[in-house]
Each structure stands twice: as C-alpha cells, then as structure tokens.
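All remarks here apply to the structure that follows.
Values in this text are rule-based calculations from the coordinates and carry no lab data. Computed from a predicted model, the values in this text were never measured in an experiment. Please note: Cβ atoms are built from the backbone with ideal geometry, for glycine as well, and neighbour counts cover all protein chains shown.
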Amino acid sequence: MSIAVSALVRPSRIQRAVWGGCGLAQCAAALAVGLLAPGRFLWPPWVALALAAAGIAVLGAAAARAKTPQIDISGTGDLRVTVQQDVDGRDGGGEPGGHAGGHAALLPGSVIWPMLMLLRYAAPGTGPRTLAVWRDSVDAATWRALAVALAVVGRRGDADEGCEDTTNSLQRTNS
C-alpha cells in the first residue's frame, strides 16, 4: 500500500469561529473591566485598553484571508509543504497556482487528534513551523489518507532518530 497523498488544506471555519469567539471574549472582558468593575483592578483604563486591543487583534486575524497550504507526501515518505497563491483566482497579481515552499522533515511533537492535526515540520535551513489542519479543511477520504501517511512518516522518523541516537551513543562509548 502506498502512503502517497496530496492534500490542499482549505481555511477552516472551525478555526475562524474559535478565533472570533476568543476575540469577542477579550472585548467583553475589556467592557467588564472598564465599565462594570473598574474598582477591582489597578489602572482599569489601561487594562481595558489592553484587553480591547488584544480582542480587536484576534478578531482581525479571524477576518484576515487565510493562506492555503498543500501537503504532499510521496510514496517513499518525503514530505513537502507548499503555500498556494491565488488558488481561487481572487488576487489580481501573480501567477495562479504559484507556490513557495519545499521539502520538509516532520518533527517530534506533531499530533493527530480526531478533529485536528498539528504538524511540526522544518525545511532545510529554516526553523520549525506548525501547521494546523482542522477536520473541516479537507474531505473525509483525504483526512484518513493524510492521517495514515503522517503516522507512517512519523514512525519512520522516530525509528531513524532512535538509530542515530544509538549509533552516536555507541561511538561516544568507544571513544
């Protein structure tokens, strides 16, 4: 059985709803601190202003246009994460379907839950990144195929790391 899979990860409605709820909760907290309970806080106008600014920032992030990453896993387990530009044709500039990204390695700490996959990966020469793949971002068949492929790639990575650690410890012991 091949583990090759290609998944275009659409923006998640669940994630936007969570961010929107958090932003509204921050704004409600600002209102509560500023108007309803100013005597219970030190410097209530500054606390209310900070909470309101944080709430507006989170609401802005929820309303911003999300990037569309694509995850490609080859049959041999090579991982490639790209960011698609102008997938739906709304941008005026640039080439439709253009991308930026490259080969990556799956890092420890990646998790697969029933509703969410958090993928920690790093491309050569870059720092680690985290990609959240929500259940509503891909169709059910792609979700299952991606979960299986990532589990296999993760196990291969753990086995390779274990061999490297054992080899290095043996070399240190013999030195």
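Going by how many other Cβ atoms sit within 10 Å of their own, how do 146, 24 line up, fewest first?
In order of increasing Cβ crowding within 10 Å: 24, 146.
Would you mind classifying segment 13-63 by shape? Square roots of the alpha carbon gyration tensor eigenvalues, ordered a ≥ b ≥ c; an a/c under 1.5 is rounded, otherwise it is prolate if a/b is larger than b/c and oblate if not.
Prolate shape, in that a/c is at least 1.5 and a/b is the bigger ratio.
Taking neighbour Cβ counts within 10 Å as the exposure measure, how do 83, 111 sort from fewest upward?
Sorted ascending by nearby Cβ count, the order is 111, 83.
Give the calculated FRET efficiency between residue 16 and residue 111 to the nearest 0.05, with a Förster radius of 22 Å applied to their Cβ-Cβ distance.
For residue 16 and residue 111, the calculated efficiency is 0.55.
Amide H to amide H, which residues 5 or more places from residue 68 or on other chains are under 5 Å from it, using H placed in the peptide plane?
Here the answer is 84, since their amide H atoms fall under 5 Å of that of residue 68.
³J(HN,Hα) across segment 24-29 via Karplus (A = 6.51, B = -1.76, C = 1.60, θ = phi - 60°), whole Hz, x for Gly/Pro?
Here the 3J(HN,Hα) series is 5, 5, 5, 5, 5, 5 Hz.
Between residue 64 and residue 37, how high is the FRET efficiency from 1/(1 + (r/R0)^6) when r is the Cβ-Cβ distance and R₀ = 35 Å? Nearest 0.05.
Calculated value: 0.65.
Along segment 112-120, what does the Karplus equation 6.51 cos²θ - 1.76 cosθ + 1.60 (θ = phi - 60°) give for ³J(HN,Hα), rounded to whole Hz, x for Gly and Pro?
Those phi angles translate into 10, 10, x, 10, 8, 10, 10, 9, 9 Hz.
Ranked by Cβ crowding within 10 angstrom, fewest neighbours first, how are 129, 10 ordered?
Result, fewest neighbours first: 129, 10.
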